[in-house]
Amino acid sequence: MVPHNQVPDGFNNFIHLGVMARNVADAALMLDVIAGPHQADPHSLALPLPNAVQALAAPFALKGARIAWRPVLGNSLLDDEVRALCEAALARLGAEGAAVETLDEKVESAYPAWLVLQQSNWAARYFATIDKVQDQLDPGFAEGIRAGGAISGQQLLAATYKRTALFRAVQGWFAKHEWLATPVMARTALSATHGPGEPIEIGGRPAGDPREAWAPYLNLFNLTGHPAISLPVGFTRAGMPVALQLVGRWNADAGLLALAARLEALLGLGAPVPPAAR
């Protein structure tokens, strides 16, 4: 919906341009400004405009809205406080008439396919010059470029097949539910000095690679293309922020923003502009 004319592959692209804003209303306004067709992006053509601001102006009917709460998506560990805060936010939607169903069944991780696609993308762009520029790059990024250079064409094509399979699986979820809800991350923020490939812990338990164990909720929808939005839902006892992700059907961006605005209002998150930002 938001055109991306800078990526070298306009057809198999999984890098999306999102919106960061103070509140949902600002995100809707920005989406209306930047969305639309661009001749260089095939996926942006022949799509209706979102009219997100208009969607927020109309009452959003929560009664009967079918929401699937999926606390795990390819991961096995989720911090207890993160889950509790997300579920408390969803309970507010349930109190307004939404039907929230918890689905805890195992879901295949999108990480292996995402990693092959991402590292291949890096290698296609930078592998030829990696020996010259690696000292200017983050070591983890340089390592990923080299790993991408060793990926075969068959492995790359298999990852694109898996991407299609993941898309079809998520499409199946929407046959029963209108919206999905997940955590944004499986635990709270890591230290700024934590290495990109350094193993993490969740709830005091070893969890492994941070991209796979910490953020599985993100790379899945990067690959499938379903619209998603992150909303803050509170703080842990240690004062760390926690967010909930809401996901909609393809091209349901305006409705997703309307749902997010309703939750934002229920949680009292639509704060005015802080004095320091005026």
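The values are calculated or read from the model by the stated rules, or taken from the named source; none is laboratory data. Bear in mind the structure is a predicted one, so any value in this text is a computation, not a measurement. So basically every Cβ, Gly included, is an ideal-geometry build from the backbone, and we count neighbours across all protein chains shown.
Things worth noting here:
- Any hit, the range 19-35, residues being assigned to a loop (DSSP other than H, G, I, E, B) and within 25 Å of Tyr126 (Cβ to Cβ): no
- Verdict on Phe14 being modelled with pLDDT of 90 or more and either surrounded by fewer than 18 Cβ atoms within 10 Å (Cβ to Cβ) or out of contact with any Asp or Glu (no Cβ under 9 Å at 6 or more places or on another chain) (or both): no
- Hey, Ala243 buried (at least 22 other Cβ atoms within 10 Å of the Cβ) and either touching a Gly at 6+ places or on another chain (Cβ under 6 Å) or not polar (S, T, N, Q) (or both) or not: no
- Within the range 177-208, the set of residues being acidic (Asp, Glu) and in contact with a strand residue (DSSP E or B) (Cβ under 8 Å, 6 or more places away or on another chain) comprises Glu178, Glu201.
- All of Val53, Val100, Val116, Val72 fail the test of being β-branched (Val, Ile, Thr), part of a loop (DSSP other than H, G, I, E, B) and either modelled with pLDDT of 95 or more or farther than 24 Å from Val233 by Cα (or both), apart from Val72.
- Odd one out for Lys176 among (1) in contact (Cβ under 8 Å) with a residue 24 or more places away in the chain; (2) farther than 30 Å from Ala260 by Cα; (3) among the basic types (Lys, Arg): (2)
- Whenever a residue of the range 121-149 is within 19 Å of His194 (Cα to Cα), its partners that are part of a helix (DSSP H, G or I) and not aromatic (Phe, Trp, Tyr), lying with C-beta atoms within less than 6 angstrom and at least six residues away or across chains, give the pairs Ala142/Gln134; Gly144/Gln119.
- Strands (runs of 3 or more DSSP E) wholly inside the range 159-278 containing at least 1 residues that are out of contact with any helix residue (DSSP H, G or I) (no Cβ under 7 Å at 6 or more places or on another chain) and among the β-branched types (Val, Ile, Thr): none
- Of the residues making up the range 1-49, just one is over 25 Å from Leu156 (Cβ atoms), in contact (Cβ under 8 Å) with a residue 40 or more places away in the chain and polar (S, T, N, Q), namely Asn23.
- Selection status of Leu220, under 20 Å from the mean Cα position of the chain (by Cα) and over 28 Å from Ala95 (Cα atoms): yes
- For Gly94, the conditions (1) within 21 Å of Asp253 (Cβ to Cβ); (2) assigned to a helix (DSSP H, G or I) all hold with the exception of (1).
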